[in-house]
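In what follows, a structure is listed as C-alpha cells, so that the remarks can point back to it.
None of the figures in this text is laboratory data; all of them are computed from the coordinates on show. Just so it is clear, the model here is predicted, and its values are computed rather than measured. Cβ placement follows ideal geometry from the backbone for every residue including glycine, while neighbour counts extend to all protein chains displayed.
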Amino acid sequence: MEKLNDIFFYRLDKAIKTYRQFAQGELKASRIQITIDQWIVLRTIVENPGVSQKTIAETVFKDGASVTRIIELLVKKGLLLRGFAEEDRRKTILVANRKTRSLLEKIEKLAIKNRAYALRGISASELASARKVLDRIFANCPSRS
C-alpha cells in the first residue's frame, strides 16, 4: 500500500493548507481582521460586480450556507453593502465600498509578499510545469455539481 505522504493529492492538500495557515498568520500579524475565505469572497464580488451568491459559492469552492455566513460577517464588518438590482427589486446585490477597496489593496501587497516567500527557490519553468499539471487534473475531473 502506498504511504500517505507519497500520494500526490495528499501532498498537494498539505501544501495548500500549510500555505493558507501561513498566509492567515501573516494577515493576523499585520492586524488585518479578515480571514482568507472572507478575502476570497470580497475579491470575487469586487472582480464580478452583481455576481450572484450561487456563483460566488462556485467560484470560492464553498457551499451556499458557508458563503451566506461569510457575507453576513462582511456586512457586519462594514465591508459589504446590500443593495437591490434596478431590473428586479427582489434581487439583492452586494457592493464593496471604499473601506473594502482600501483593505483589498493592503492585502494584495501582503499576498504578493507571501506568494514570493512561499515560491522562493521555484523557477519560472517549474511553476509553469506545475500549472500545466494542475490544469490537466482540473480538465480530467468533471464537475458533479
- Could you check the simple spin-label distance between Ala29 and Lys109, using points 7 Å along Cα→Cβ, in nm with one decimal? 1.6 nm
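Tally Lys/Arg at +1 and Asp/Glu at -1 over every other residue whose Cβ is under 14 Å from the Cβ of Leu127; what's the total? Could the numbers behind the result be given before it?
Numbers: positive: Arg115, Arg120, Arg131, Lys132; negative: Glu126, Asp135.
Net charge in that neighbourhood comes out at +2.
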- Item | Which of Leu81, Ile122, Ala65, positive extreme of dipole for the range 11-145 (C-beta unit charges) | Ile122
- Message: Using the basic label-point model (7 angstrom from Cα toward the beta carbon), what is the Ser125 to Ala15 distance in nanometres?
- Response: 1.8 nm
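At most 13 other Cβ atoms within 10 Å and a DSSP loop assignment: could you name the GluC sites (Glu not before Pro) in the range 1-109 that fit?
Here the sparse-neighbourhood loop sites are Glu2, Glu86, Glu87.
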- Query: Taking 0.36 nm per intervening residue step and subtracting the Cα-Cα distance, what contour gain separates Ala65 from Asp135 on full extension?
  - Reply: 22.4 nm
- Env charge @ Ile36, Cβ radius under 14 Å, K,R +1 / D,E -1, value +3
- Inter-part gap, Cα centre of the range 33-109 to Cα centre of the range 120-145, in whole angstrom, is 27 Å
- Query: How big is the chain on each of its three principal axes, counting only the C-alpha atoms and giving the largest first in Å?
  - Reply: 56, 38, 27
- Task: Over 22 Å between C-alpha atoms is what I'm after, so list which of Lys76/Lys113; Lys77/Lys99; Lys28/Lys106; Lys17/Lys54; Lys62/Lys109 land there.
- Result: Lys76/Lys113; Lys17/Lys54; Lys62/Lys109
